[in-house]
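Working notes for the structure below.
The values are calculated or read from the model by the stated rules, or taken from the named source; none is laboratory data. Since the structure is predicted, the reported quantities are computational estimates derived from the model, not experimental observations. For neighbour counting, all protein chains shown are included, and Cβ atoms are generated from backbone atoms with ideal geometry for every residue, glycine included. Remember, those area values only see protein heavy atoms, side chains included, never the ligands or the DNA or RNA. Shrake-Rupley method; radii C 1.70, N 1.55, O 1.52, S 1.80 Å.
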Amino acid sequence: MKIKAAAKINLFLDTAGILPDGYHALSMIMQSVDCFDTVRVDRIKRKGVRIVSHSDTVPTGKDNIAYKAAKVFFESTGIAPDGGVEIEIEKNIPMAAGLAGGSADAAAVIYALNSLYETGLSRIQLCEIGEKVGADVPFSLTGGTAFCADKGGVIAPLPPLKKCFIVLCKPDMGVSTKSAYKQLDEAEYLRHGDGMNMLYAVKNGDFEMMCKKAYNVFEQVIEVPMRPHIKATMKKHGAKIALMSGSGPTVYGVFADRENAESCAGELKREFSEVILAEPCEKSLKEII
């Protein structure tokens, strides 16, 4: 089966301490956007998990999170598959970008295997499997607009954003999520965002307050040399929010009207190779007939 898997942005991202298992406690408001990878998952006769891609930048071995997702699915369900699984990934979401492209692919694999093996798992059970794979995978199984906490597995849906347009701009660099969290741990002091008022704003559709309270704790520790320039360009074109997504380096701008978003994207494309004009979407996974 084929699935379109959406990217995400973080409207709010903060940490709230360390959990007993050593992982960071997260406080996030996440939004799916209509930039999609396409993931095909099929049962095959040959045993094992096989990753296929026509892009040299996509890993096809055990270091691909989609491979991990399949392994964790089988371990969690106790299924001993008769044969194996082939996973083909067509990338459109920039990689190592803070847009959950890998997590989106992993979510698509878990969703597809639940269908192909007729395991009948609930969305909550799928998210429990996803949390074992990565912090953004449960949201990538759910999508829309949501508050996410703990390690990403506690999810509360929120009302959809009002009609707006989102420009994604990834500078020519990548950020390791593991390294980003290490830098958070080593920071002597971190400012924290106003999570309660941000949650109130999104829940009640207060777009102006949401734009004022949008926040990403990683901006204090992750060095992205072009970030100030990208933000300034977005603000010049009328962006209501200009913020880094996830652990970066992608910066996104939220615009109230398409014309300003298009003019911003046009200017940024003259300097950066990965610029995408997107809109919010209410689902992260969509089957392709």
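A few comments on the model shown:
- Whole-number accessible area per residue in Å² for the chain, which is evaluated in the context of all protein chains at 1.4 Å: 46
- Candidate lysines - alpha carbon under 17 Å from K212, same-chain residues fewer than 8 apart omitted: K162, K203, K231, K235, K236, K240
- The helix-based estimate of mean residue ellipticity at 222 nm for the chain, built from -39,500 (n - 2.57) per DSSP H run of four or more residues and divided by its residue count, is -9500 deg cm²/dmol to the nearest 500.
- Within the accessible surface of the chain, defined with a 1.4 Å probe on protein heavy atoms only, the carbon and sulfur portion equals 50 percent.
- Of E86, E188, E118, the one that fluctuates the most in a GNM where the chain has Cα springs shorter than 10 Å: E188
- Intensity falloff of the chain expressed as log10 I(q)/I(0), Debye formula with alpha-carbon point scatterers, at q = 0.06, 0.09, 0.16 Å⁻¹: -0.18, -0.41, -1.28
- A run of the chain free of exposed loop cleavage sites, with trypsin sites (Lys or Arg not before Pro) counted only in DSSP states other than H, G, I, E and B and at most 14 other beta carbons within 10 Å, reaches its longest extent at 63-161.
- For the options S247, S32, S263, a Gaussian network treatment of the chain with springs between C-alpha atoms closer than 10 Å singles out S263 as fluctuating the most.
- Pairwise FRET efficiency - V52 versus K178, Cβ, R0 = 25 Å, nearest 0.05: 0.45
- Inter-part distance where region 114-155 and region 240-289 are each reduced to a Cα centre, Å: 24
- For the chain, the Cβ-based charge dipole about the Cα centre amounts to some 320 debye (Lys, Arg positive; Asp, Glu negative; other atoms uncharged).
- Here is the result for region 1-105: no chymotrypsin sites (Phe, Trp or Tyr not before Pro) lie in DSSP coil with at most 11 other C-beta atoms within 10 angstrom of their C-beta.
- Reported to the nearest whole Å, the Cα centre-to-centre distance from region 1-65 to region 161-208 is 18.
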